[in-house]
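A short write-up of the structure that comes next.
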Amino acid sequence: MESLSVITGKFKNQKIQQVEDNRTKYTPSKVKNAIFSILESKQPVKNTTFLDLCAGSGQIGLEALSRGASFVTFVDISDKSIKTLKNNVQRLSVSDYVRIYKKDVIRFLKKPPDTYDIIFIDPPFNEVLFHRMTKRLFNTTELVKPGGRIILESFKDYKIEKNEHYSIEDKYFYSSVKIEILKRKG
């Protein structure tokens with residue numbers, strides 16, 4: 001397994017502790033860099049509020065902070081992920097700029113505490129759970145500010161159901177992983 005580190009920005013090259021759980025999957029550095037390059041071409045990360053769902057170690061949200069996001073909310077249900085995430089937040093001294101929820105993502109999505117400019121979701125590649133999470137996410141506008149974006153990391157064959165709130169802006173394939181960027185309509 002490759003080691004994790006912040007790619008660029010304020011925390012460039014800072015190491016990120018990994019979750020000690022083989023069920024946790026990580027976005028490879030090459031894909032993480034591509035996600036942020038694509039996103040920056042559409043919507044600057046600087047001064048945004050960012051939601052990292054199924055956060056794991058927090059590597060995506062911490063990358064967003066490093067690139068200038070003003071605040072990041074992390075959500076994960078795993079005790080091991082939350083412990084690792086807290087350690088990473090403490091290591092980078094960013095506790096004033098984050099909120100961590102130990103909660104089931106679907107329950108979190110039912111009563112979100114805020115709206116966000118950018119949401120990243122990398123749910124477990126369990127098709128039933130994946131479908132439930134994305135269906136809930138795409139059927140609400142309570143989470144994403146108008147013109148905001150959702151970045152979805154999924155398995156290559158996953159198809160998003162059409163919905164009235166978001167349009168697919170782009171799709172990118174990296175081996176067996178698909179990255180889709182959706183923009184909130186209106």
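Every number in this text was worked out from the coordinates using simple rules, so none of it is lab data. Bear in mind the structure is a predicted one, so any value in this text is a computation, not a measurement. A quick note on method: Cβ atoms are made from the backbone with ideal geometry, for glycine too, and the neighbour counts reach across all protein chains shown.
Some values worked out for this structure:
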quantity	calculated
MRE, 222 nm, helices only [DSSP H, n ≥ 4, -39500 (n - 2.57), over the chain, to nearest 500]	-8500 deg cm²/dmol
Label selected from (1) 23, 18, 17; (2) 64, 17, 11; (3) 27, 19, 17, the criterion being semi-axes √(5λ) of the Cα gyration tensor in Å as computed here	(1)
Cross-link table Lys42/Lys110; Lys15/Lys86; Lys111/Lys171; Lys42/Lys171; Lys86/Lys156; Lys80/Lys183, entries beyond 20 Å C-alpha to C-alpha	Lys42/Lys110; Lys111/Lys171; Lys86/Lys156; Lys80/Lys183
Whole-number percent relative contact order across the range 63-186, with pairs defined as alpha carbons under 8 Å at least 6 apart	20 percent
Long-range amide H partners of Ile7 with built H, under 5 Å	Asn13
Amide H within-cut-off set for Glu169, under 5 Å, with H built and near neighbours excluded	Ile181, Leu182, Lys183
Neighbour-count order for Phe11, Phe74, Phe155, fewest beta carbons within 10 angstrom listed first	Phe155, Phe11, Phe74
